[in-house]
Amino acid sequence: MIARTACLALCLAACASSLRAQSAPVAVQPVLTYSPSLDVTSMDRSVDPCVNFYRYSCGGWQLRNPIPPDQTSWSVYGKLYQDNLAFLREILEQAARDSATRDKVTQEIGDFYAACMDEAAVEKRGAAAIQPELDAIAHLKSARELAPLLSRLHLSYGGSMLFDAGSTQDPDDSDQMIAGLDQGGLGLPDRDYYTKDDAKSKETREHYLAHVRKIFELLGESPAAAESDAATVMRMETALATASLTRVERRDPYKLKHRMTPAELAALAPNFDWKTYYAGDAYPPFKIVNVTAPEFYKSLNAMLAAEPASVWRTYLRFHVANSAAPYLSSKFVDENFEFYRKYLRGAKEQQARWKRCVSYTDRDLGDALGQAYVARVFPPELKAATLDMVHRIEDAMGQRIRELDWMSPETKKEALRKLAGMRNKIGFPDKWRDYSSIRLARDDFAGNIDSATEFEHRREINKIGKPVDRSEWGMTAPTVNAYYDPQMNDINFPAGVLQPPLYDAKLDDAPNYGDTGGTIGHELTHGFDDEGSQFDAKGNLRNWWTKDDREKFDARTKCVADQYAQYIVVDDIHINSQLTLGEDVADLGGEILAYMAWKGAVAGKKLESMDGLSPEQRFFVGFAQWACANERPEEMRVRAVTDEHSPDEYRINGVVSNMPEFQQAFSCKAGQPMTKPADKVCRVW
């Protein structure tokens with residue numbers, strides 16, 4: 001559940017001699033670009049804040065920040081992410097050129113980045129990087145032989161190959177890791193792209209068919225053969241999509257809970273050799289596997305019986321090439337860009353190679369790169385200040401729970417127990433991941449990607465049967481985002497999201513609580529939204545509500561869903577408020593908590609107006625300016641189908657219209673758009 005959105009130094013070994021020390025180039029330490037968390041030049045004061053608060057707060061930013069041609073959208077979060085990339089680039093280029101004095105971590109990230117940046121070597125190798133997998137697919141003689149082949153392909157390509165497999169927390173015992181199986185196997189962003197019958201969906205499928213055909217041609221097929229094979233891939237993926245759960249269905253954790261024994265799995269899908277598959281990837285012995293989508297596996301089982309080996313060869317051949325395309329020669333990279341970023345999301349240009357290489361390094365060696373990052377940008381006092389804010393917001397949540405007039409003492413007791421059990425992870429993990437078993441070479445970028453993917457897949461597999469490591473993170477330290485994990489019952493704030501303009505130690509508390517405080521409250525509220533509220537303090541899927549309290553809670557969340565369903569994303573597409581409900585509830589609850597915590601933090605202090613804004617107004621403008629953004633219509637169409645977050649404008653206006661504190665701060669009048677009648681105000685927590 002993502003937000004809106006070891007402090008170890010990177011050690012460089014001492015020079016072997018004073019002469020070397022004198023002749024070595026002096027490393028320039030990278031510096032992050034500074035932007036304040038409240039920027040009055042980003043505002044448009046010609047707009048009445050009570051009519052459109054988002055435009056009032058962000059109109060100036062939108063005017064001065066057109067979308068760069070290599071981006072599908074441009075936002076405060078996106079700009080900080082790009083600034084982070086430039087910062088990390090300096091670290092990686094220094095690591096890549098440091099051949100004389102390199103520790104293990106420096107060598108890992110330096111070699112990985114250098115191999116990615118060696119375009120000549122990548123170009124020369126072409127599709128040869130995936131030839132071993134293509135050869136293995138070519139030898140597939142029957143659907144029964146899929147199991148050993150898929151076990152090999154999943155190591156390098158993961159869940160894009162027919163289905164997703166690995167480990168997961170036991171929904172009934174969150175302290176234990178068990179085997180898990182999930183739906184997968186699609187090339188379009190979501191199953192709805194295959195099932196919807198509107199004109200835009202049909203157009204997208206035609207473009208996707210052309211993309212699949214082009215990939216086959218790049219593999220050497222004739223246009224006629226490529227066209228036939230593309231139709232086969234589309235037919236297979238459509239069948240898998242039709243059997244898949246929707247994103248809204250997947251928000252109900254009970255619909256994803258199907259614990260079964262290996263024997264029951266074999267009975268569910270007997271046409272797949274599960275024993276051979278698990279042996280091929282060296283899974284530990286296990287007694288339980290959670291199958292999130294049994295109907296998907298029933299459909300897959302029927303397809304295994306009905307489709308000949310030639311069809312499976314065609315399907316797998318495409319998915320190997322499509323998955324590897326970003327890491328191959330330019331003709332594959334360009335085709336991947338043309339469909340996925342240009343057509344689907346509206347980007348005008350390919351991102352510079354260095355940006356992609358930094359992103360890949362962060363994704364695959366994030367803990368190695370993260371050590372260098374936090375040493376430069378995340379001092380202990382920043383962690384302490386963030387923790388203080390977290391504790392104040394947790395206290396506000398406790399107060400809110402105790403004061404609720406619609407919740408019984410019985411349910412309040414359970415809610416407070418869950419709040420007390422929530423873990424706070426700030427900045428970076430307590431222990432860094434060891435990547436020393438990954439095979440890295442400076443002249444084999446695609447091979448490095450395969451090795452890093454295999455490392456991560458095996459790491460996940462090896463968790464099965466072991467206690468859950470609750471210190472583990474799901475994001476890297478440089479990530480500009482945050483999240484709540486319902487089974488871990490923890491909130492996670494990487495160092496990357498605690499930088500200006502999101503958190504600004506140079507400014508007063510008001511905008512910082514409005515922005516980062518609201519993000520903290522947002523993630524905390526996820527533990528009590530429509531989905532997170534179904535997990536208890538330990539992270540087990542358990543109903544801890546009385547029947548009456550749950551009905552009252554559902555009525556309050558329905559108020560939020562009904563409000564957001566009225567908003568239009570793009571063209572005539574409305575927000576799918578059943579998909580965005582958890583995020584919308586968290587946005588509202590988070591800002592209410594942040595406001596309470598801020599008032600408590602500044603109690604007794606004399607607060608001054610600044611830049612023509614009262615302290616209360618600065619709180620709300622600080623809240624709004626995290627969301628300043630411009631988005632391409634293509635990107636918004638994709639988000640309308642796939643994103644659990646509402647568009648940024650509604651994440652601001654939808655919240656403040658439910659906060660009397662906002663109306664008081666800006667002296668809004670009854671009947672104005674940002675002012676709801678008292679009986680229409682949505683309030684969950």
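Prolate is the label for segment 593-685, because a/c, from the alpha-carbon gyration tensor with a ≥ b ≥ c as root eigenvalues, is 1.5 or above and a/b exceeds b/c.
Spatial offset of segment 668-684 relative to segment 238-275 amounts to 44 Å, using the alpha carbon center of each. Once the chain from Ala138 to Val51 is taken as fully extended at 0.36 nm per residue, the excess over their C-alpha distance is 25.1 nm. Computed 3J(HN,Hα) for segment 327-334, one whole-Hz value per residue from the Karplus formula 6.51 cos²θ - 1.76 cosθ + 1.60 where θ = phi - 60°, is 10, 9, 5, 4, 5, 6, 4, 5, glycine and proline marked x. The spacing between segment 75-117 and segment 208-230, judged by their C-alpha centroids, is 36 Å. Taken about its Cα centre, segment 138-344 carries a charge dipole of roughly 180 debye when the Cβ of each Lys and Arg holds +1 and the Cβ of each Asp and Glu holds -1.
Counted residue by residue at 0.36 nm each, then reduced by the alpha carbon distance between them, the extension gain from Asp562 to Leu63 reaches 176.5 nm.
Return the calculated 222 nm mean residue ellipticity for the chain, to the nearest 500 deg cm²/dmol, obtained by summing -39500 (n - 2.57) across DSSP H runs with n ≥ 4 and dividing by the residue count. Result for the chain, helices only: -15500 deg cm²/dmol. Within segment 395-456, the chymotrypsin sites (Phe, Trp or Tyr not before Pro) that combine a DSSP coil assignment with at most 14 other C-beta atoms in a 10 angstrom radius are Trp406. With the simple spin-label model, which puts each label point 7 Å out from Cα in the Cβ direction, the Asp190 to Leu416 separation comes to 4.0 nm. Computed about the Cα centre, the dipole magnitude for segment 495-561 is approximately 240 debye when only Lys and Arg (+1) and Asp and Glu (-1) carry charge, each at its Cβ.
The residue list His522, Val638, Tyr567 was ranked by how far each Cα lies along the charge dipole of the chain toward its positive end, using unit charges on Cβ atoms, and His522 comes out on top. Each Lys and Arg adds +1 at its Cβ and each Asp and Glu adds -1 at its Cβ; summed about the Cα centre, the chain shows a dipole of about 480 debye.
Counting other Cβ atoms within 10 Å as a rough exposure proxy, the listed residues Cys628, Cys58 run Cys628, Cys58 from fewest neighbours to most. 3J(HN,Hα) couplings calculated from phi for segment 429-439 with the Karplus curve 6.51 cos²θ - 1.76 cosθ + 1.60 (θ = phi - 60°) are, in sequence order, x, 5, 9, 8, 5, 9, 9, 5, 7, 6, 7 Hz; Gly and Pro show x.
Segment 511-540 and segment 602-652 have Cα centres separated by 18 Å.
Among His207, His139, His522, the ranking by other beta carbons within 10 Å of each residue's beta carbon, starting with the fewest, stands as His139, His207, His522.
Each of Trp598, Trp354, Trp312 was scored by other Cβ atoms within 10 Å of its Cβ. Arranged with the fewest first, they read Trp354, Trp312, Trp598.
On a 22 Å Cα-Cα criterion, which of the cross-link pairs Lys383/Lys466; Lys538/Lys599; Lys79/Lys214; Lys431/Lys466 come out too long? Pairs exceeding the cut-off: Lys383/Lys466; Lys538/Lys599; Lys79/Lys214. Placing unit charges on each Cβ (+1 for Lys and Arg, -1 for Asp and Glu) gives the chain a dipole about its Cα centre, and among Pro500, Met43, Val311 the Cα reaching farthest toward its positive end belongs to Pro500.
Across segment 294-304, rounded Karplus estimates of 3J(HN,Hα) from the backbone phi angles (6.51 cos²θ - 1.76 cosθ + 1.60, θ = phi - 60°) give x, 4, 4, 6, 5, 5, 4, 4, 5, 5, 4 Hz, Gly and Pro being marked x.
Full extension of the chain between Lys202 and Asp679 gives 167.4 nm of extra length, using 0.36 nm per residue less the Cα-Cα distance. Once backbone amide H atoms are built at 1.01 Å from N, His574 has Val569 as its partners under 5 Å, excluding neighbours fewer than 5 places away on the same chain. As a calculated quantity, the FRET efficiency between Lys104 and Arg542 at R0 = 41 Å, using C-beta atoms, amounts to about 0.40.
Every number here is computed from the coordinates shown, using simple stated rules; none is lab data. Values in this document were obtained by computation on a predicted structure and should not be read as measured data. So basically every Cβ, Gly included, is an ideal-geometry build from the backbone, and we count neighbours across all protein chains shown.
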